[in-house]
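Beneath this line is the structure, given in structure tokens, with notes to follow.
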Amino acid sequence: MRIYDDIQLDYQDVLLRPKRSTLASRSQVDIIREYNFKWSPASVKGTGIIAANMATTGTMEMARVLQKHNLFSALHKHYDAKELINFLKNNKEQFGNNDLIFISSGVGQADYAKLEEVMQSKLINNICIDVANGYSPYLIQYVKKVRQAWPEALIMAGNVVTGDMTEDLILSGVDIVKVGIGPGSVCTTRKLTGVGRPQFSTVIECADAAHGVGGMICADGGCTVPGDICKSLCAGADFVMLGGMLAGHEESGGELSSKFFKTDEVTLEENGEVSYEIKEKQFKKFYGMSSDYAQEKFYGGMKNYRASEGKVVEIPFRGPLEHTLLSILGGIRSAMTYIGAKRIKDMPKCATFYRVNRQLNNIFGAE
Ligand code: 5GP
């Protein structure tokens with residue numbers, strides 16, 4: 001039995017060390033990066049955050065807002081070809097191009113047929129090929145087929161957590177390898193299967209492997225606060241994919257519901273009776289794409305050889321996305337000034353980490 005003794009870290013296990021820098025203010029840093037890829041000749045400009053291709057975050061409404069801030073979206077795979085083409089047409093009229101949009105594909109025959117139909121429209125060049133287990137032989141076969149069919153496409157594919165498979169995928173035609181198994185906020189893979197790897201160590205190893213062969217990575221899952229995104233970019237992630245951090249907003253998918261809570265506050269009425277204050281709180285549903293709920297909703301039930309690897313949660317409604325986005329972008333700018341990185345691309349070379357036992361002081365709550 002082989003056990004890797006090297007310590008495996010999550011974002012929570014490290015903090016960035018501040019450094020003396022010549023940057024006087026946050027406005028001096030540039031958070032837009034120009035991306036050039038190994039296979040695709042496309043050149044794309046954006047801040048490398050991508051909305052996860054989950055039914056609740058990879059929505060068209062979300063994509064519209066994210067693009068205004070130069071952020072990417074991976075649309076979920078449950079839109080049909082017509083809906084996608086329609087959206088891409090309108091989006092191109094509004095933003096001039098669809099550079100910040102990925103369409104998603106599984107690796108089945110129906111997925112390929114839909115991909116062909118959408119790609120024929122020539123409205124989109126970015127494809128996200130997504131399977132839960134990127135070690136499956138189907139993924140590499142499918143990647144090769146897609147690369148052959150569209151040599152100029154920008155292909156992102158995953159998910160894996162090791163350098164060897166990252167290299168294999170890139171050498172098979174992938175531009176961006178999606179890394180992360182089990183770190184997601186609504187993922188139960190680790191609980192159900194015992195498989196996974198702490199995300200910070202995953203990012204370091206896979207980024208190094210990818211960059212060594214001219215590719216890039218997208219760190220997928222596990223970011224809970226803007227600081228985690230900064231750590232990920234510093235660890236070498238070229239892109240960071242977010243689910244939970246973008247969920248629960250006006251623009252996110254998922255049903256909105258109200259719940260009523262009796263507060264601790266009581267009022268003593270003149271007649272001596274005590275009345276309780278009732279408060280309404282709104283919640284939005286957020287669920288893993290392989291949860292029972294998602295399987296039921298999109299496939300009419302869970303196949304009996306499969307088990308749910310995702311959960312359903314109700315998140316307190318967070319209002320419009322704009323506010324959250326500004327705090328994420330502000331966090332990145334500020335981290336860059338703390339470590340002296342003028343461009344996002346420079347973050348890894350400016351970064352030094354401390355390994356820590358505790359990163360936050362939660363005496364007044366976790367917020
Ligand atoms: P988050 O940003 O919420 O921590 O992670 C988002 C990522 O979780 C997604 O991009 C996807 O890779 C992963 N994910 C989404 N749904 C599920 C699921 O049902 N099961 C598992 N294992 N992972 C999921």
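The values are calculated or read from the model by the stated rules, or taken from the named source; none is laboratory data. The shown structure was predicted, so the numbers you read here are calculated from the model rather than taken from an experiment. We place every Cβ from the backbone using ideal geometry, glycine too, and count neighbours over all the protein chains shown. Quick note on the areas: whole protein, heavy atoms, side chains included, nothing else; ligands and nucleic acids left out. Shrake-Rupley method; radii C 1.70, N 1.55, O 1.52, S 1.80 Å.
Some notes on this structure:
- Under the simplified labelling scheme, the Ser27-Asn86 pair shows an inter-label distance of 4.4 nm, with each label point 7 Å from Cα along Cα→Cβ.
- Whether the range 109-170 is rounded, prolate or oblate, judged on the alpha carbon gyration tensor where a/c under 1.5 counts as rounded: prolate
- Here the Karplus relation 6.51 cos²θ - 1.76 cosθ + 1.60, evaluated at θ = phi - 60°, turns the backbone of the range 150-161 into coupling constants of 10, x, 9, 5, 8, 10, 10, 8, x, 10, 9, 9 Hz, with x for every Gly and Pro.
- Highest GNM mean-square fluctuation among Asn97, Asn36, Asn271, for the chain modelled with Cα contacts below 10 Å: Asn271.
- Projected onto their three principal axes, the Cα atoms of the range 282-367 cover extents of 52, 32, 29 Å, largest first.
- In sequence order, the range 75-80 has phi-based couplings of 5, 6, 8, 9, 7, 8 Hz under the Karplus curve 6.51 cos²θ - 1.76 cosθ + 1.60, θ = phi - 60°, and Gly or Pro positions carry x.
- For Lys191, the aspartates and glutamates whose Cα comes closer than 14 Å to its Cα, not counting residues fewer than 8 places off in the same chain, are Glu309.
- Size of the range 149-200 from its Cα atoms: along the principal axes, largest to smallest, the extents are 39, 22, 19 Å.
- Simple spin-label estimate for Ala132 and Met302 gives 0.9 nm between the two label positions (7 Å along the Cα-to-Cβ direction from each Cα).
- Neighbour cut-off at most 10 other Cβ (10 Å), DSSP loop, trypsin sites (Lys or Arg not before Pro), the range 115-177: Lys122
- Distance between the pseudo-spin-label points of Arg343 and Asn36 (7 Å out from Cα toward the beta carbon): 1.0 nm.
- Judged by the ratio a/c of the largest to the smallest principal axis of the C-alpha gyration tensor, the range 73-146 counts as prolate, that ratio being 1.5 or greater while a/b is larger than b/c.
- For trypsin sites (Lys or Arg not before Pro), the sites in the range 238-325 that DSSP calls loop and that have at most 14 other Cβ atoms within 10 Å are Lys303, Arg306.
- The distance linking the range 292-353 with the range 236-251 is 3 Å (Cα centroid to Cα centroid, whole angstrom).
- For the residue pairs Lys89/Lys114; Lys145/Lys345; Lys45/Lys285; Lys285/Lys311; Lys231/Lys345, the alpha carbons lie more than 22 Å apart in Lys145/Lys345; Lys45/Lys285.
- Calculated SAXS-style log₁₀ I(q)/I(0) at q = 0.09, 0.11 Å⁻¹ - the range 11-125, Debye, Cα scatterers: -0.32, -0.46
- Compactness relative to 2.2 N^0.38 Å, alpha carbon Rg of the chain: 1.04
- Computed from the Cβ-Cβ distance with R0 of 45 Å, the FRET efficiency linking Arg190 to Gln141 stands at 0.95.
- Scaled against 2.2 N^0.38 Å for its residue count N, the alpha carbon radius of gyration of the range 224-343 is 1.54.
- Taking the protein heavy atoms of the chain in the context of the full set of protein chains, the accessible area attributed to carbon and sulfur is 49 percent at 1.4 Å.
- In the chain, helical runs assigned H by DSSP with n ≥ 4 each contribute -39500 (n - 2.57); averaged across all residues and rounded to the nearest 500, the mean residue ellipticity at 222 nm is -9500 deg cm²/dmol.
- Each residue of the range 29-34 was assigned a 3J(HN,Hα) from its phi angle through the Karplus curve 6.51 cos²θ - 1.76 cosθ + 1.60 (θ = phi - 60°); the sequence is 9, 10, 9, 9, 10, 9 Hz, with glycine and proline shown as x.
- Under the combined filter of DSSP loop state and at most 13 neighbouring Cβ atoms within 10 Å, the range 293-366 retains these chymotrypsin sites (Phe, Trp or Tyr not before Pro): Tyr305, Phe364.
- With DNA, RNA and ligands ignored, accessible area of His69 (1.4 Å probe; Å², nearest 10): 30 Å²
- Of all DSSP beta bridges confined to the chain, the antiparallel ones make up roughly 45%.
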